[in-house]
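The values are calculated or read from the model by the stated rules, or taken from the named source; none is laboratory data. The model shown is predicted, which means the values in this text are computed figures rather than measured ones. Cβ atoms come from the backbone with ideal geometry, glycine included; neighbour counts cover every protein chain shown. Ligands, DNA and RNA are stripped out before the accessible areas are found, and what is left, the full protein with its side chains, is counted by its heavy atoms. Shrake-Rupley method; radii C 1.70, N 1.55, O 1.52, S 1.80 Å.
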Amino acid sequence: MGLGDWYQERKAKKTAKKEAARLAAGQARQAAEEEKKRQQEAQAQQSMGYTRNYIQMLERMQGAGDRKGYQNLAAMREQLVQGMGNSPHAQILTDALNASLKAADERISRAEKQEGHKETIRKERKTPLETLIRKEQTMTDGRKFKPEGEAAAAGTDLNQEEKLKESRGKIAKNKFKNLPGAVWEAVKDAFSDWKTGLNTVYDKLTGTMDVGAGSSGVGGDSSDIQEMEKVMKDMTDADTGGAGITGAVFSGVSTILKCVKTGITIVGAIKNEKDNKTEITLDKQERFQVVRGLLHDIVEIINGFGTVFGPATKMIPFYNSILGIVSNSAAVLADVTDVVANSIFHHNMRKRCKMLYQNMVDKKTKYEKSGDTTAAQAYTVRNKSSAIDKQRRNLLGKIAKENQGDDSVGGKIRIVKAASLRSRNDTIYREAQYGVGARIQALDEKIHGQGSISPEERIRLKTQKRELEAMETMEQYREADKAEKKMRKALLHNVESVITGGTNVVANGLKLAGEIASATGVGVMAGAGLYTAGMATGIAEGSYELARGGGSLIYKSIRYMAGTSDNKATTREDMAISLIERMHEVGTSAVWDATAGGFKDDRGLDQVEAHQLARQGKNVDHLHGILRSGLDATMTELIGSKDRTELKQNIASAFGQPD
């Protein structure tokens, strides 16, 4: 074998060896790819199996308690989708998984909302609000629950009639003309109230000593509390700041009687709760309200009797300065508690206003997407209270005109003459805002009832219902907005009182320091200087109070003469009627147990239709939000109302500032 042959043979062997290595590597790669593909197919089959199981699990998720399990499954979605691969079968399973996740989320969300409504109702069991709703069911309308008025004649130009309102100048002229008679009636009422009040005090205080038949003892009879409350109102209304014995002694006596009345209320309510003989009328919130009131009453007692016995205490060293420090410090403490409480209520109402406005925005978006442009237009408002109230009034007119001759849903709506208006803030369409809940319920019954209606009619009824719901939401916004404004003003007054009270503490402290310095020989001049500084501080604070009081009186007088106070009274009266009608709707709904006189238990609530549970849950939430979390209304006073007219007056008063 020659060298050339050897070289060729060697080259051939190397080539063969390389080819064998290449073939072996290719076979290895192919085997690895086949193994990888087999593993991927196995993983895809496993992921598909998991996906099928998860879809079945999602289909079983119905309740609010399934939220955590849903979140765990939703978190594994990407992993499952990637594991199944891109095959047509995998794509089908991916679509099914996405649909199941969406459906489960919607079911759980609905269940959570339903559970939230149940919880709202559950929290109001055995509370003063439940008692108030039960009491309202048996109340009569009373003498003048809703405003009366003469109906507008057929063919009246309603747009022109709505504009026929008295000018502010004419209102002022009429009020000025009637002023002498009003003053005379006020004087007669004042003396009558004093006589009635003193007689009632005598009867009640002596009656509590009786032990014979029919005696109920202090606080044993609800009339004891109500009549004592009337005495307090009579005495304070009849004497608003006189001088000498009238201004001080009777002021102190009336304050002490107020404390006695409050004590009777607390003892009686706690006794009733303990014995479980009567309804719940007092809760923790009102107990705190009572404590705050007692702090102010204590200050009144100190100041009242300090004024009476002031001349006799001049011989007691440092008495008046120490009394001033004590009374003003107590006043500051009382005002600070009011600041804390009212700031919470103010925050609650701001939060509620934002929530209600957001609800309007969400509803507008929802109905725009569904194609119900009329309903969407009803919810089209700017985030401003005046704009929302303007839209509410526009809806009032629209709904009143549409139902003026139609009694198919909730009865005809009467449009009144302009001469029947209570104020410039009133409207001839006002009766459209009364009975809104009943109209919504009637429409709901038609939509979900057993009767057959055409698809077109169903769409029309739904739109009509949504417009009523829009007006109702705007009414709720108005109530929350007015409660927020009340608490804002109350908070400003509280802060002002803390500042003026602190100024008085400083003034009396300077006086006391001056008196001590003069009496102990530290220095007459130094003591006189301190005392003079205290006097100057007190005079400055007193001058501010005097100027503020005078300015407030002038401001109130102008508002009264211009009819602004009548405007407020109209608004508050209508808001009170709205809240009472909401109570009545709750008390006649499926969530209320008429036999037990309270909210149904959980088993009973489970049987309530979803849309009914949602509506009444929202009603209860709004009643609690306004009366308890917003206005901090005195529930014992509301519960003690003898009829709906008095209840209306008490709720309307809660929207105003205390005198």
Can you find a residue that is within 27 Å of Gly410 (Cα to Cα), in contact (Cβ under 8 Å) with a residue 60 or more places away in the chain, part of a helix (DSSP H, G or I) and over 20 Å from the mean Cα position of the chain (by Cα) anywhere in the stretch 617-640?
no
Given Lys354, Lys363, which one is loosely packed, with under 14 Cβ neighbours inside 10 Å, of a type outside the set (Asp, Glu) and either free of Cβ contacts under 8 Å to residues at least 12 places away in the same chain or assigned to a helix (DSSP H, G or I) (or both)?
Lys354
Kindly indicate whether any position in the stretch 87-107 is crowded, with 18+ Cβ neighbours inside 10 Å, within 30 Å of Leu396 (Cα to Cα) and out of contact with any Gly (no Cβ under 7 Å at 6 or more places or on another chain).
no
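Mind listing just one residue for me: the one in the stretch 366-383 that is part of a helix (DSSP H, G or I) and of a type in the set (A, V, I, L, M) and, of those, surrounded by the fewest Cβ atoms within 10 Å (Cβ to Cβ)?
So in the stretch 366-383, the residues part of a helix (DSSP H, G or I) come out as 366-370, 373-378.
Now narrow it down to the ones that are of a type in the set (A, V, I, L, M): 375-376, 378.
Working: Ala375: 22, Ala376: 20, Ala378: 27.
Filtering the stretch 366-383 for residues that are part of a helix (DSSP H, G or I) and of a type in the set (A, V, I, L, M), the one surrounded by the fewest Cβ atoms within 10 Å (Cβ to Cβ) comes out as Ala376.
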Candidates Ala74, Ala64 - the one that is without any contact (Cβ under 8 Å) to a residue 60 or more places away in the chain, surrounded by 10 or more Cβ atoms within 10 Å (Cβ to Cβ) and touching an Asp or Glu at 6+ places or on another chain (Cβ under 6 Å)
Ala64
With a cut-off of at least 3 residues that are of a type in the set (S, T, N, Q), name the helices (runs of 4 or more DSSP H) lying wholly within the stretch 50-153.
88-123
Failed condition for Ser386, given (1) without any contact (Cβ under 8 Å) to a residue 12 or more places away in the chain; (2) exposed (fewer than 13 other Cβ atoms within 10 Å of the Cβ); (3) part of a loop (DSSP other than H, G, I, E, B), with all others met?
(3)
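I'd like the full set of residues that are among the aliphatic types (A, V, I, L, M), surrounded by 19 or more Cβ atoms within 10 Å (Cβ to Cβ) and within 15 Å of Arg582 (Cβ to Cβ), limited to the stretch 598-622. Full working, then the answer.
Quick first cut of the stretch 598-622, residues among the aliphatic types (A, V, I, L, M) only: 605, 608, 610, 613-614, 620.
Filter again for surrounded by 19 or more Cβ atoms within 10 Å (Cβ to Cβ), leaving 605, 608, 613, 620.
Within the stretch 598-622, Val620 is the sole residue that qualifies.
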Given the residues Thr120, Thr131, Thr138, which is the only one that is within 35 Å of the chain's Cα centre (by Cα), polar (S, T, N, Q), open to solvent by 60 Å² or more (accessible area, probe 1.4 Å) and modelled with pLDDT of 90 or more?
Thr138
Restrict the check to the stretch 413-423 and report whether at least one residue is closer than 25 Å to Glu573 by Cβ, among the basic types (Lys, Arg) and either assigned to a helix (DSSP H, G or I) or free of Cβ contacts under 8 Å to residues at least 12 places away in the same chain (or both).
no
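Select from the stretch 592-607 the residues that are more than 14 Å from Gly116 (Cα to Cα) and either in contact with a helix residue (DSSP H, G or I) (Cβ under 8 Å, 6 or more places away or on another chain) or not β-branched (Val, Ile, Thr) (or both) and list them in ascending order. Walk me through it before giving the result.
Initial filter on the stretch 592-607 (more than 14 Å from Gly116 (Cα to Cα)): 592-601, 603-604, 607.
The answer is Trp592, Asp593, Ala594, Ala596, Gly597, Gly598, Phe599, Lys600, Asp601, Arg603, Gly604, Gln607.
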Suppose we filter the stretch 436-462 for residues that are open to solvent by 20 Å² or more (accessible area, probe 1.4 Å) and closer than 30 Å to Glu573 by Cβ; how many remain?
4
